[in-house]
Amino acid sequence: MAGEEPEHLTQAARCQAQVDPLAALRAPGDPPWDVYLTGTVFLDIIFTGLDSAPVRGTESWARGMGSSPGGIANMATALARLGLRTSLAAAFGDDHYGEYCWDTLEQGEGIDLTPSRTVPGWHSPVTVSMAYEGERTMVSHGHEPPPEEPAPDLPPRARAAVASLTPGTRAPWIAEAAREGTRIFADVGWDDTGAWELPGLTDLRHCEAFLPNAEEAMRYTGARCPREAARALTEHVPVAVVTLGAEGAYAVDRRTGETAEVPAIGVEALDPTGAGDVFVAGFVTGTLAGWPLADRLAFAGLTAALSVQEFGGSLSAPGWSEIGAWWRRVQSVEGQDPAALRRYAFLEPLVPEELDRPWPLRRAVPTIGFRRSG
């Protein structure tokens, strides 16, 4: 590897990632981080195996349960597990939940938390997610951190950053990062105002790529179909990626003229929490590695599909061993469509030859805080 590794890139992270998708591109003088992001870390408690949504006045029993860091931790973990050097700025509560999330992200995943901070007297936000019939219902509780605990105005140098745009609100760090050469990838939440006006997304002009879902893309553009919406969005941002749910995803690159559409991979979903974040992480990884648009889209869809087969948002994210295992498994299936195999052939030189790792990826567990024996 050409450049020196950042101090905070731990041995645990290097072993866990197994593959560095940017190895051939690294050089002295590169930014110390591949991706920077900021946001709120939640403690997620996930119930799965529910037969239906909870009914008022009744008690529902779930057949499965997990807990893991959530919120922006979903994206950070997905990026780190794909081999990207990831730096996160977030506020953490000074309770046991906050300690658990900090330890899981820093020690377990090798994520740089230098720009993060523990806020005295502030409790960790919590989300309870209930998954059933491929859907989910969530209940959250939390308070905004004190105003004196903002994200850094000057983010660390990074190749890329992931931002969640808020209608009518500017995030000064986005413009600052873009001025320093950081490539900004953005998604967006539901517009509670009902305005759905693109000029309200003031930071979009600093972004390289915008990744809304089909409903969001059509509402913002007034287009009649998602593909038309993606093309319309490239008048405002160079790359538009629109996720189509069970149909996959469609993307347009204004600069190269490329378009791509990749169908979704059919899997049995245990918990869809965080799948959208994993999709974005996969697309960012492929973009930084310089892959063609269709490969980036296919990789993003694959990583998202693998993630929904595990509990939790952050700790369901796949690593390269899971990706390699999937690739070898589908090649062994009799009667496999040759065209479908060719779509993912770009994985062959990337996946590790040995699928064993020094330890398994950490997964969401039912209860945090068990005493360790021995």
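All of (1) more than 29 Å from TYR344 (Cα to Cα); (2) touching a Ser or Thr at 6+ places or on another chain (Cβ under 9 Å); (3) of a type in the set (S, T, N, Q) hold for ASN213 with one exception: (1).
Is it the case that ALA230 is closer than 19 Å to LEU288 by Cα, crowded, with 17+ Cβ neighbours inside 10 Å, at pLDDT 95 or above and of a type outside the set (D, E, K, R)? The answer is no for ALA230.
Residues of region 174-208 that are more than 23 Å from ASP253 (Cβ to Cβ) and touching a Ser or Thr at 6+ places or on another chain (Cβ under 7 Å): GLY189 alone.
With respect to GLY245, is the statement that it is open to solvent by 10 Å² or more (accessible area, probe 1.4 Å), of a type outside the set (A, V, I, L, M) and within 15 Å of the chain's Cα centre (by Cα) true? It is false that GLY245 is open to solvent by 10 Å² or more (accessible area, probe 1.4 Å), of a type outside the set (A, V, I, L, M) and within 15 Å of the chain's Cα centre (by Cα). Just a yes or no: is a residue in region 283-295 open to solvent by 50 Å² or more (accessible area, probe 1.4 Å) and not in a helix (DSSP H, G or I)? Within region 283-295, one or more residues are open to solvent by 50 Å² or more (accessible area, probe 1.4 Å) and not in a helix (DSSP H, G or I). Of the listed requirements (1) within 18 Å of the chain's Cα centre (by Cα); (2) not in a loop (DSSP other than H, G, I, E, B), TRP190 misses just one: (2). Residues satisfying the criterion are present in region 262-275 (criterion: in a helix (DSSP H, G or I) and either surrounded by 19 or more Cβ atoms within 10 Å (Cβ to Cβ) or at pLDDT 95 or above (or both)). Can you name every residue in region 18-49 that is of a type outside the set (D, E, K, R), on the phi < 0 side of the Ramachandran plot, over 19 Å from the mean Cα position of the chain (by Cα) and open to solvent by 20 Å² or more (accessible area, probe 1.4 Å)? Across region 18-49, the qualifying residues are ALA23, ALA24, LEU25, ALA27, PRO28, PRO31, PRO32, PHE47. Among the residues of this structure, ASP30 counts as one that is within 23 Å of ARG179 (Cα to Cα) and either in contact (Cβ under 8 Å) with a residue 24 or more places away in the chain or not in a loop (DSSP other than H, G, I, E, B) (or both). Within region 169-191, one or more residues are surrounded by fewer than 19 Cβ atoms within 10 Å (Cβ to Cβ), of a type in the set (A, V, I, L, M) and in contact with a His (Cβ under 7 Å, 6 or more places away or on another chain). Scanning region 61-85 for residues that are assigned to a loop (DSSP other than H, G, I, E, B), more than 17 Å from ALA317 (Cα to Cα) and touching a residue at least 40 places away in the same chain (Cβ under 8 Å) turns up just one, ALA62.
The values are calculated or read from the model by the stated rules, or taken from the named source; none is laboratory data. The structure displayed is predicted, hence computed values, not measured ones. Note: ideal-geometry Cβ built from the backbone for every residue, glycine included; neighbour counts use all protein chains shown. What goes into the accessible areas is simple: the full protein's heavy atoms, side chains included, and nothing from ligands, DNA or RNA. Shrake-Rupley method; radii C 1.70, N 1.55, O 1.52, S 1.80 Å.
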